[in-house]
Amino acid sequence: MAVSQNLLFSGGAAFQNNVEPPAGAWIAKLIHDGLQVNGWQVFTIDNWRDSGWSFGCGRGSSKVCVILAKPAELREWIVQIIPSHVPSFFQRLFGGKPSALPQDIYATAQGVHAILSKQKEFRGFQWSWDAYPSAERSTPEPTAP
């Protein structure tokens, strides 16, 4: 079963001057606020392990986590969309379910893509299910599970 949508994209470096690390707070806020305007319930943006930003969001009973980080490449960003909770093997044995299904992850990815693709400074969108996006195994827009 597909678990995460991963996005690699470039651009936006001009906006990160004079900003305390980790970089990308303004991109996380852009995604956060854009999802909220489009009817998602969003939670507080958090500094994710001092290397990026994360926040939870959801619709109905589904809850996902959106994480933004900056890989080593100067002008690239990565976004990962995952269920907020994935049950362990033993939890699954006793009926535990993830907080979001692949369709929920896909819907969130579509929302994130719509927000980011409207920004002229972002380009080179590479979406991939469950793997680091690469030219060989990614698509320019999120794909259904």
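Would you please put 46-55, 25-34 in order of how densely packed they are, using the mean number of other Cβ atoms within 10 angstrom per residue and starting with the highest?
Values: 46-55: 16.6, 25-34: 18.9.
Result, highest mean first: 25-34, 46-55.
Relative contact order for segment 5-129: what is it in percent, counting Cα pairs under 8 Å that are at least 6 residues apart?
Values: 218 pairs, mean separation 40.3, N = 125.
That works out to 32 percent.
Figure the gain on full extension for Ser10 and Asp33 (residue separation times 0.36 nm, minus the Cα-Cα span) and round it to one decimal in nm. Please list the in-between numbers first.
Numbers: separation 23, 0.36 × 23 = 8.28 nm, distance 2.03 nm.
Additional length available on full extension: 6.3 nm.
Count the net charge of all other residues whose Cβ sits under 11 Å from the Cβ of Gln41, scoring Lys and Arg as +1 and Asp and Glu as -1. Could the numbers behind the result be given before it?
Details: positive: Arg59, Lys63; negative: none.
Surrounding charge for Gln41 is +2.
May I ask you to compute the full-extension gain from Phe43 to Leu93, defined as 0.36 nm times their residue separation minus their alpha-carbon distance, rounded to one decimal in nm? Spell out each step's value before the answer.
Values: separation 50, 0.36 × 50 = 18.00 nm, distance 3.01 nm.
Extra length available between Phe43 and Leu93 comes to 15.0 nm.
Calculate how steeply helix 25-37 sits against the longest principal axis of the alpha-carbon atoms of the chain, using the helix alpha-carbon long axis, and give the answer as 0 to 90 degrees to the nearest 10.
Result, in degrees: 50.
Using just the helices of the chain, give the 222 nm mean residue ellipticity in deg cm²/dmol: DSSP H runs with n ≥ 4 each add -39,500 (n - 2.57), and the total is spread over all residues, rounded to 500. Write down the numbers at each step before the final one.
On the way: 3 runs with 34 residues, N = 145.
Here the helix-only value at 222 nm equals -7000 deg cm²/dmol.
The numbers here are math on the coordinates, done by the rules we state, and not lab data. The model shown is predicted, which means the values in this text are computed figures rather than measured ones. Note that each Cβ is placed from the backbone with ideal geometry, even for glycine, and that neighbours are counted across all protein chains shown.
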